[in-house]
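Student: Sharing a structure with you now.
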Amino acid sequence: MRGQTAFGIAVISSTRFVAFQHRDYRLFFCSRLLNGLAVQMVDVAVAWLIYDITGSALMLGLIGLAIFLPNILFLLVAGHVADRFDRRLVLAIAYTVTTCASSGLLLAVYYDVLTPPLIFALVVMIGTARAFASPASSAIAPTLVPREHFANAVAMNSSANQVATIAGPAVGGLVYMFGPGAVFSITTLCFASCVALLLSIRTRRAKSEREPVSWQYLTAGIRFIRGNKTVLGLISLDLFAVLLGGATALMPIFAKDIFQTGPVGLGLLRSAPAVGALLTAIALAWFALNSKVGLRMFQSVAIFGLATIGFGLSTNMYVAMVCLALIGAADMVSVYIRSTLVQLETPDEMRGRVSAVNSMFIGASNELGQFESGLLASFFGPVAAVLIGGTGALGVTGLWMRLFPDLAARDKLT
């Protein structure tokens with residue numbers, strides 16, 4: 001489940017912004033926020049463009065597949081790069097590639113040569129950059145703050161994602177009223193600013209003894225996750241629940257054909273899950289989740305599935321937005337648990353490889369789920385596709401509680 005959680009306390013309480021005491025973390029946070037905003041704006045603009053040009057649900061699904069495939073192709077390489085090289089530079093190079101892709105979309109719009117094949121080529125370029133950026137971004141965060149401040153940094157990172165997920169689609173939809181070129185101009189500037197911020201970070205990883213590169217070395221992240229039943233249960237639950245239950249890919253169809261609105265409406269729909277997540281974070285600031293975290297996580301996945309079914313049955317845009325807000329609210333707990341457990345339980349020298357595997361699971365649930373939704377919608381229609389997905393998420397919840405009883409019984413985060 002992809003919604004990010006600030007998990008309340010660290011975001012809202014003025015006494016809990018300790019991660020911001022560290023200059024390099026502040027630079028990283030700003031780059032993460034700008035990148036998140038730009039990514040959301042690009043996603044909205046590209047989704048609307050491709051559906052407007054083709055009118056095909058399958059093409060919407062293929063956009064997700066184009067972003068996901070690089071995660072598979074570069075899974076082992078991206079983790080290795082994040083563990084062997086300066087993570088600042090890895091991120092800066094990845095964002096430079098994304099800047100070039102955004103510039104390519106801008107130029108294609110300006111010269112009126114934007115076609116589906118060109119869009120897909122540039123989307124693959126963006127997906128490749130994300131494949132390398134994601135493990136590097138996850139692995140660099142614990143090195144920018146002391147260990148005792150890392151939980152706060154996780155919360156700050158999640159709040160940046162929330163703000164980006166709320167504001168990015170809405171801003172992208174509004175700016176799209178002036179044409180897709182306006183969107184891609186802003187995103188190009190945001191990505192370029194991310195590069196400048198990252199290059200200003202001074203923190204370097206402590207040098208450690210490097211293992212020789214071998215198959216054992218490259219696959220260490222896979223073996224770590226496979227050997228830790230709790231972590232395996234967490235990320236696989238997330239994978240299959242969102243793979244089946246994700247409705248984001250079909251929002252352009254709902255916005256245009258069912259709710260009879262334009263890109264502004266699409267932006268509002270895309271923002272609704274993050275609004276729900278942020279409101280829940282505020283509630284958690286006052287009512288902290290300190291016990292039965294495994295059970296609460298499974299309950300939240302069940303709510304995620306039910307809210308997805310509600311969205312599929314909606315004929316009113318405002319009812320749909322409420323359902324999407326519930327999806328976002330239910331989505332927070334597993335992300336916080338997974339992010340904290342995976343990063344703190346993984347040695348720094350292999351965080352990149354573990355993060356690469358985790359990123360692949362995230363990409364599978366999001367982008368591959370987008371392809372699955374588009375494929376189902378092309379055969380059965382968008383409403384049926386969402387209903388099937390929501391029902392599948394409920395089924396996964398029940399099955400995973402049986403497969404991972406220790407996870408369901410887990411009481412504390414640490």
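Read the figures in this text as sums done on the coordinates, not as results from a lab. Quantities reported herein were computed from a predicted structural model and do not represent experimental measurements. Methodologically, a virtual Cβ is constructed for each residue, glycine included, from the backbone with ideal geometry; neighbour enumeration extends over all protein chains shown.
Student: Once region 91-141 is represented by equal point scatterers at the alpha-carbon sites, with solvent omitted, what log10 I(q)/I(0) does the Debye formula produce at q = 0.19, 0.25, 0.30 Å⁻¹?
Tutor: -0.61, -0.86, -1.05
Student: Give the order of ARG32, ARG147 when sorted by the count of other beta carbons within 10 angstrom, beginning with the fewest.
Tutor: Sorted ascending by nearby Cβ count, the order is ARG147, ARG32.
Student: Here is a further query. I need HIS149, HIS22 ordered by Cβ neighbour count within 10 Å, fewest first.
Tutor: Least crowded to most crowded, the residues run HIS22, HIS149.
Student: What's the center-to-center distance, using Cα atoms, between region 46-106 and region 378-414 in Å?
Tutor: 27
Student: Give me the one-decimal nm value for the distance between modelled label points at ARG402 and MET177, 7 Å along each residue's Cα-to-Cβ direction.
Tutor: Between ARG402 and MET177, the label points sit 5.2 nm apart.
Student: With Cβ to Cβ distances under 13 Å as the rule, what net charge do the other residues near ALA133 carry (K, R +1; D, E -1)?
Tutor: Residues close to ALA133 contribute a combined charge of +4.
Student: Quick one: PHE85, PHE311, fewest Cβ neighbours within 10 Å first, how do they rank?
Tutor: Going from sparsest to densest Cβ surroundings: PHE85, PHE311.
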